[in-house]
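Asker: Okay, here's the structure, questions in a sec.
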Amino acid sequence: MIYTPPTTWPAEPEPRAGCDRCAELDEQRTETRRRGDLSAMSDCNVLLRRHIEGAHA
């Protein structure tokens, strides 16, 4: 089986209004993007997706 990387990345998750944890992860993501640390930015996206799925689903 040959691995083919995705041609597009999934959209970044949107933090939910009024949720402190969403806001915290969004701030971290913004800071890592500003620093150019794309690996940490991706980690923030994963954590935010997991949080949204668990807390806001």
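The values are calculated or read from the model by the stated rules, or taken from the named source; none is laboratory data. Predicted model, so just to flag it, every value in this text is computed and none were measured. With ideal geometry, Cβ positions are generated from the backbone for all residues, glycine too; neighbour counts draw on all protein chains shown. The area values use the complete protein model at the heavy-atom level, side chains included, leaving out ligands, DNA and RNA. Shrake-Rupley method; radii C 1.70, N 1.55, O 1.52, S 1.80 Å.
Asker: Of (1) in a helix (DSSP H, G or I); (2) open to solvent by 80 Å² or more (accessible area, probe 1.4 Å); (3) not hydrophobic (A, V, I, L, M, F, W, C), Thr4 satisfies all except one. Which?
Answerer: Of the numbered conditions (1) in a helix (DSSP H, G or I); (2) open to solvent by 80 Å² or more (accessible area, probe 1.4 Å); (3) not hydrophobic (A, V, I, L, M, F, W, C), the odd one out for Thr4 is (1).
Asker: Here is a further query. Of the residues Arg21, Arg33, Arg16, only one is assigned to a loop (DSSP other than H, G, I, E, B), open to solvent by 80 Å² or more (accessible area, probe 1.4 Å), in contact with a helix residue (DSSP H, G or I) (Cβ under 6 Å, 6 or more places away or on another chain) and not polar (S, T, N, Q); which?
Answerer: Working: Arg21 fails: assigned to a loop (DSSP other than H, G, I, E, B); Arg33 fails: assigned to a loop (DSSP other than H, G, I, E, B).
Testing whether each residue is assigned to a loop (DSSP other than H, G, I, E, B), open to solvent by 80 Å² or more (accessible area, probe 1.4 Å), in contact with a helix residue (DSSP H, G or I) (Cβ under 6 Å, 6 or more places away or on another chain) and not polar (S, T, N, Q) leaves just Arg16.
Asker: Restricting the search to the stretch 6-45, which residues are touching a Pro at 6+ places or on another chain (Cβ under 9 Å) and either in contact (Cβ under 8 Å) with a residue 60 or more places away in the chain or not charged (D, E, K, R) (or both)?
Answerer: Within the stretch 6-45, Cys22, Ala23, Leu25, Asn45 qualify.
Asker: Restricting attention to the stretch 40-57, report how many residues are within 11 Å of the chain's Cα centre (by Cα) and open to solvent by 70 Å² or more (accessible area, probe 1.4 Å). Lay out the reasoning, then the answer.
Answerer: From the stretch 40-57, those within 11 Å of the chain's Cα centre (by Cα) are 40-52; that's our starting set.
Cutting the leftovers down to open to solvent by 70 Å² or more (accessible area, probe 1.4 Å) gives us 43, 47, 49-50.
Total meeting the criteria: 4.
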